[in-house]
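One structure below.
The values are calculated or read from the model by the stated rules, or taken from the named source; none is laboratory data. All of these numbers come straight from a predicted model, not from anything done at the bench. Using ideal geometry, Cβ is built from the backbone for each residue, glycine included, and neighbour counts are taken over all protein chains shown.
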Amino acid sequence: MKEHFKNLGFVIEGMLHLTGRQALQCLEEGAVLVDIREDFELAIKDFLVDEYIRCPFSEFDQNFDLLPKDRALILADCVGISSKKAMQKLHDNGYSMIANLAGGIADWEKDGLPMNKDIESMNGQCPCMIKSRKS
């Protein structure tokens, strides 16, 4: 963790958190985004990055061991809460090059970072209430 994310982010309770801009910098330098959002959360907006791994939080306990230990991983969700839990699980199981995307895709979008959005399908006043009109 220390070398790949050197001089970036902030640490809370031993876990490294990156801003969206810091995360994007790390992704451009070879880190991998691990998107733990559920399928219904992906229909509305998605990170526009070259390399990412999907591992929904509901399946994380069964599948986290498939994530590479030799790559820097940045965990992301909607607002940065579930990703902290997932990060703790990785840390407890020997992963060391890990960071959390502070604020999740909500802050990523607020900062104007690259993303795919389906504006026509959005309905709701805040990120916690957004639902797809297609369902």
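Considering segment 15-30 alone, what residues qualify as being free of Cβ contacts under 8 Å to residues at least 60 places away in the same chain and among the small types (Gly, Ala, Ser)? Step through it out loud before you land on a result.
Our first condition is that a residue be free of Cβ contacts under 8 Å to residues at least 60 places away in the same chain; within segment 15-30, this holds for 22, 25, 27-30.
GLY30, the sole residue that qualifies.
For segment 5-41, enumerate the residues that are in contact with a helix residue (DSSP H, G or I) (Cβ under 7 Å, 6 or more places away or on another chain), farther than 19 Å from PRO114 by Cα and part of a loop (DSSP other than H, G, I, E, B). PHE5, LEU8, GLY9, GLU38 - these are the residues of segment 5-41 that are in contact with a helix residue (DSSP H, G or I) (Cβ under 7 Å, 6 or more places away or on another chain), farther than 19 Å from PRO114 by Cα and part of a loop (DSSP other than H, G, I, E, B). For segment 60-72, a residue qualifies if it is farther than 11 Å from ALA86 by Cβ, of a type in the set (D, E, K, R) and out of contact with any strand residue (DSSP E or B) (no Cβ under 9 Å at 6 or more places or on another chain), and the qualifying residues are ASP65, LYS69, ASP70.
Applying the condition of being closer than 14 Å to ILE36 by Cα and of a type in the set (D, E, K, R) to segment 84-101 and asking which residue is surrounded by the fewest Cβ atoms within 10 Å (Cβ to Cβ) yields LYS85.
The combined condition, being part of a helix (DSSP H, G or I), among the hydroxyl-bearing types (Ser, Thr, Tyr) and surrounded by fewer than 20 Cβ atoms within 10 Å (Cβ to Cβ), is fulfilled by SER58.
The residues of segment 102-111 that are of a type in the set (Asp, Glu), farther than 18 Å from ILE12 by Cβ and buried (at least 16 other Cβ atoms within 10 Å of the Cβ) amount to a single one, GLU109.
For segment 6-41, give me each residue that is polar (S, T, N, Q) and loosely packed, with under 14 Cβ neighbours inside 10 Å. If you could, list the steps in order and put the result at the bottom.
Residues of segment 6-41 polar (S, T, N, Q): 7, 19, 22, 25.
Matches in segment 6-41: ASN7 only.
Taking the criterion of being over 20 Å from the mean Cα position of the chain (by Cα) and at pLDDT 50 or above, the residues of segment 98-123 that qualify are ILE119, GLU120.
Out of ILE53, ILE44, ILE81, report the one residue that is in contact with a helix residue (DSSP H, G or I) (Cβ under 9 Å, 6 or more places away or on another chain) and loosely packed, with under 14 Cβ neighbours inside 10 Å. Explain how you work it out, then say what you get.
On the way: ILE53 fails: loosely packed, with under 14 Cβ neighbours inside 10 Å; ILE44 fails: loosely packed, with under 14 Cβ neighbours inside 10 Å.
Only one candidate passes the filter, namely ILE81.
Restricting the first member to segment 41-69 and to residues that are without any contact (Cβ under 8 Å) to a residue 12 or more places away in the chain, and the second to residues that are buried (at least 16 other Cβ atoms within 10 Å of the Cβ), the beta-carbon pairs closer than 7 Å and six or more apart or on different chains are ASN63/CYS55.
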